[in-house]
1. If you take the residues in the stretch 155-194 that are touching a Leu at 6+ places or on another chain (Cβ under 6 Å) and more than 16 Å from ligand 1 (Cβ to nearest atom), which one is farthest from residue 93 (Cα to Cα)?
2. Please enumerate the residues belonging to the stretch 377-407 that are more than 15 Å from ligand 1 (Cβ to nearest atom) and closer than 17 Å to residue 441 by Cα.
3. From the list 344, 307, 300, 349, exactly one residue is among the charged types (D, E, K, R) and within 16 Å of ligand 2 (Cβ to nearest atom). Which is it?
4. When the stretch 391-406 is examined, which residues are found to be crowded, with 24+ Cβ neighbours inside 10 Å and more than 11 Å from ligand 2 (Cβ to nearest atom)?
5. With hydrophobic (A, V, I, L, M, F, W, C), surrounded by 11 or more Cβ atoms within 10 Å (Cβ to Cβ) and at pLDDT 95 or above as the only criterion, which of 79, 10 stands out?
6. Being outside any loop (DSSP other than H, G, I, E, B) and within 29 Å of residue 71 (Cα to Cα) narrows it down to one of 107, 97, so name that one.
7. For residue 105, are the conditions met, namely being more than 13 Å from ligand 1 (Cβ to nearest atom) and surrounded by 24 or more Cβ atoms within 10 Å (Cβ to Cβ)?
8. Taking residue 281 as meeting all but one of (1) free of Cβ contacts under 8 Å to residues at least 60 places away in the same chain; (2) in contact with a Gly (Cβ under 9 Å, 6 or more places away or on another chain); (3) away from ligand 1 (no atom under 16 Å from the Cβ), write down the number of the exception.
Amino acid sequence: MTQHMQTQMIAQDRIQTVLPLDEKLEPIFAEVVRRNAGETEFQQAVREVLESLGHVIAKHPDYADDALIERICEPERQIIFRVPWMDDSGAVQVNRGFRVQFNSALGPYKGGLRFHPSVNVGIIKFLGFEQIFKNALSGLPIGGGKGGADFDPKGKSEGEIMRFCQSFMTELHHHIGEHTDVPAGDIGVGGREIGYLFGQYKRLANRFEAGVLTGKGMTYGGSRVRTQATGYGTVYFVQRMLGTKHTDLEGKRVAVSGSGNVAIYAMEKAIALGATVVACSDSSGHVIDENGIDLDLVKEIKEVRRERISEYARLKGTGAHFLGSGSIWDVPCDVALPCATQNELSGREAATLIKNGVLAVAEGANMPCTREAVRAFQSAEILFAPGKAANAGGVATSALEMQQNASRDRWTFEQTNARLSEIIAGIHDRCRETAEEYGAPGNYILGANIAGFVRVAESMRAHGVV
Ligand code: NDP
Ligand code: 2IT
């Protein structure tokens, strides 16, 4: 097929980005839309999963019994709370905090906390919903949840961050616990914030309950590899996908959006496996470095100085440049790793990547590709890994942190990394086998959704109507 034909086909496909639903699932989706009006990201995430479930219902109609699917789409509990805190000038600020405890069929609710001004209940629900299937797919005993606040950490002092985290935990501590709900980091919540959150939990609960949070520092119950896990895991997934086409990352050009936790460690592992990372970004724009991104410099700018990515081009000088407009996905690459945020890669951008010969796309972020983009990649038969499979290494290593906390043990880096790599290989193979079983070989979206769903559904059925 010529590139022109391919582009035309994609243009047509953009009109049909919504696949038909099974007749039993159509009213379920209509009810989700009615009941969660305006929560577009949540509706988008549910729609994508329901489109896959038609295949399961056709084969096993009993999965539609007892409102099982309706129950999966309804969070078990949603907590919304006020977070008052005092800024450095003495003025009182008020934010809104969330914790959505979505599904506990497989274990305690598990999922990160996001601090970003865009956070609202629909975003937390989409993330919590995705987390159910991601966690199930990992094969580990964790349910699905998510939380956060519409707090903007940008430009805040160390003291303001600490006071915000303390106020947030003052309410959240009522609802979490190592056997109940175990939060971790996400956008805007890294090691520093987890430290403050843990300190306040310990103080309020008056016990050292290490397993109540993951992503902790190494001096107080953290796990080796948790910091690297999401990015490394995404790249392990890519390596295994490329393996099915008898190739690997050696010598490949890679573009990675974002320059936060996931992006940095995806770049690190891609470089270690012989790839050249040619571009990365933040919300202000992207940098291109044809000689290969200097990761030590990115870490210095982002993890130490907490500055904008444009600093990279300024400090690096020749060979690197910063673009405050345009798209990182215009940069030609073999492998694209969206690792910033939801719906950051559009159908038009997918068409550009395809035109430029992209081989594989893996979602390091949660739902970074729009529906148009996903359909474009699928129509062009590009290897495509959905977030709930490709970025599951983070939460999987969180579960390993919980295991170490429960047994008061500490594993080596090598041991933990080997477990991560094994878990990702298992997820990859489970997605592939499931897709094949349901007559859609190579469709990782279908494989991930179905394999995740079946595990949760089996447990929910065993528990009765609860
Ligand atoms: P970080 O806060 O460490 O980094 C986020 C990065 O994405 C920053 O470079 C940020 O730029 C950019 N970004 C965030 N929001 C936007 C936006 N609206 N537009 C453009 N760029 C944006 O977060 P993480 O790396 O932890 O998370 C990144 C993604 O990975 C999220 O989708 C998260 O849900 C997902 N994820 C994270 C896991 C983890 O373990 N941390 C596990 C699995 C998935 P800027 O600084 O300019 O805002
Ligand atoms: O989206 C995710 O999987 C995360 N932010 C990590 C959650 C966790 O509990 O480690």
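1. Residue satisfying both the conditions and the ranking: 173.
2. Residues of the stretch 377-407 that are more than 15 Å from ligand 1 (Cβ to nearest atom), as a first pass: 377-384, 403-407.
Answer for the stretch 377-407, where residues must be more than 15 Å from ligand 1 (Cβ to nearest atom) and closer than 17 Å to residue 441 by Cα: 377, 378, 379, 380, 381, 382, 383, 384.
3. Values: 307 fails: within 16 Å of ligand 2 (Cβ to nearest atom); 300 fails: within 16 Å of ligand 2 (Cβ to nearest atom); 349 fails: within 16 Å of ligand 2 (Cβ to nearest atom).
Of the residues listed, the single one that is among the charged types (D, E, K, R) and within 16 Å of ligand 2 (Cβ to nearest atom) is 344.
4. Answer for the stretch 391-406, where residues must be crowded, with 24+ Cβ neighbours inside 10 Å and more than 11 Å from ligand 2 (Cβ to nearest atom): there is none.
5. Values: 10 fails: at pLDDT 95 or above.
None of the other options fit; the residue is 79.
6. Numbers: 107 fails: outside any loop (DSSP other than H, G, I, E, B).
Answer to the check: 97.
7. Working: more than 13 Å from ligand 1 (Cβ to nearest atom): yes; surrounded by 24 or more Cβ atoms within 10 Å (Cβ to Cβ): no.
When the stated conditions are applied, residue 105 does not pass them.
8. (3)
The values are calculated or read from the model by the stated rules, or taken from the named source; none is laboratory data. Fair warning: this is a prediction, and the values are worked out from it, not measured in the lab. All Cβ positions, glycine included, derive from the backbone under ideal geometry; neighbour counts span all protein chains shown.
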